[in-house]
Amino acid sequence: MTNEILREGKSKKLLITEDPEVLIQYFKDDATAFNGEKKGIIESKGRVNCQISARIFKMLEEKGFLTHYRGLASDREMLVDRVDIIPLEVVIRNVVAGSLAKRFGIEEGTALAEPLQEFFLKDDDLGDPLLTRNHILAFGWATNEEMDYLAAEGLRINAVMTEFWASLGIRLVDHKLEFGRRADGTIVLADEITPDGCRLWEIGTDRKMDKDRFRRSLGKVEETYAEVCDKVSAALPL
């Protein structure tokens, strides 16, 4: 890679291109959990996550959703719109798992009566705290109109994603979405959609097919990521 690094995070790098409105999103093999307390390498994770994200973004674009996706530059490099990321993690939960189970003392695997949407501040140093709508408006992280859009778009994406993963024999337990503003203010889905940010359980067995395999030291991390990639690639050829 010869492009200048604009920004580097835990799992990706953003690289500058000749077009000021387009960046390269490079997917790394680095893996972290618990806000960076656990670190490691998942071999080929960058390539796998890039391929999964590209196919899902393309599918969502074809269904009318706005995303930052522009195409692939290599097997682990994605061309994306240059956006100003809204510092919120939009989390949609369909089944009780992870931190939600701990917070409320409810057994993991309990289905929710309807999707639960939560917002978290995107800040590792603060532990990504849970936010209310009033927090978001008071601190100016998004406007009231933008919050309406994020809430509605998150649930629309969840409906499509739940159906898509189910078609692969996978239950979408919960997932994190991030959004950004283009230069003209248009809000688009950004970041990535991968087993890093989606909690995925095999239907019928509840076998974990996501980063919980790394997070909880369950083993077969690389094999499971590759399995998910194969399923997505077969269903969504580029």
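With the structure loaded, tell me whether Asp174 is buried (at least 18 other Cβ atoms within 10 Å of the Cβ), free of Cβ contacts under 8 Å to residues at least 40 places away in the same chain, on the phi < 0 side of the Ramachandran plot and not in a helix (DSSP H, G or I) or whether it fails that test. No: the conditions fail for Asp174.
Would it be correct to say that Lys211 is surrounded by fewer than 21 Cβ atoms within 10 Å (Cβ to Cβ) and basic (Lys, Arg)? No; evaluated as a whole, the condition is false for this residue. For Lys211, the requirement of being closer than 19 Å to Arg76 by Cα, assigned by TED's automatic domain parsing to the domain that holds Ala159, among the basic types (Lys, Arg) and modelled with pLDDT of 95 or more is met.
Among the listed residues Ile16, Ile52, Ile56, Ile86, which satisfies the condition of being within 29 Å of Gly140 (Cα to Cα), modelled with pLDDT of 95 or more and within 17 Å of the chain's Cα centre (by Cα)? Spell out the reasoning first.
On the way: Ile16 fails: within 17 Å of the chain's Cα centre (by Cα); Ile52 fails: within 29 Å of Gly140 (Cα to Cα); Ile56 fails: within 29 Å of Gly140 (Cα to Cα).
Result of the check over Ile16, Ile52, Ile56, Ile86: Ile86.
Among the residues of the stretch 213-228 satisfying the criterion of being in contact (Cβ under 8 Å) with a residue 24 or more places away in the chain and not polar (S, T, N, Q), which is farthest from Gly98 (Cα to Cα)? Steps first, please.
Narrowing the stretch 213-228 to residues in contact (Cβ under 8 Å) with a residue 24 or more places away in the chain: 214-215, 221-222, 224-226, 228.
Still in the running and not polar (S, T, N, Q): 214-215, 221-222, 225-226, 228.
Numbers: Phe214: 14, Arg215: 11, Val221: 18, Glu222: 21, Tyr225: 19, Ala226: 23, Val228: 20 Å.
Ranking the candidates gives Ala226 first.
The conditions of being at pLDDT 95 or above, over 23 Å from Thr194 (Cβ atoms) and under 18 Å from the mean Cα position of the chain (by Cα) are not met by Pro115. If the condition is being crowded, with 18+ Cβ neighbours inside 10 Å and assigned to a loop (DSSP other than H, G, I, E, B), then the stretch 31-76 contributes Ile42, His68, Arg76.
Glu21 meets the stated requirement of being of a type outside the set (A, V, I, L, M), out of contact with any helix residue (DSSP H, G or I) (no Cβ under 7 Å at 6 or more places or on another chain) and more than 20 Å from Pro195 (Cα to Cα). The residues listed here are Arg133, Arg103; of these, the one that is in contact with a Phe, Trp or Tyr (Cβ under 8 Å, 6 or more places away or on another chain) and either assigned by TED's automatic domain parsing to the domain that holds Lys211 or closer than 30 Å to Val228 by Cβ (or both) is Arg133.
Just wondering, is there one or more residues in the stretch 133-151 that are surrounded by 12 or more Cβ atoms within 10 Å (Cβ to Cβ) and either within 17 Å of the chain's Cα centre (by Cα) or at pLDDT below 95 (or both)? Yes, there is a match, as at least one residue in the stretch 133-151 is surrounded by 12 or more Cβ atoms within 10 Å (Cβ to Cβ) and either within 17 Å of the chain's Cα centre (by Cα) or at pLDDT below 95 (or both). Is at least one residue of the stretch 108-116 surrounded by fewer than 17 Cβ atoms within 10 Å (Cβ to Cβ), part of a strand (DSSP E or B) and touching a residue at least 24 places away in the same chain (Cβ under 8 Å)? Looking through the stretch 108-116, at least one residue is surrounded by fewer than 17 Cβ atoms within 10 Å (Cβ to Cβ), part of a strand (DSSP E or B) and touching a residue at least 24 places away in the same chain (Cβ under 8 Å).
The values are calculated or read from the model by the stated rules, or taken from the named source; none is laboratory data. What you see is a predicted model, and the numbers here were worked out from it, not measured in a lab. Here Cβ is always computed from backbone atoms with ideal geometry, including for glycine, and neighbour counts include all displayed protein chains.
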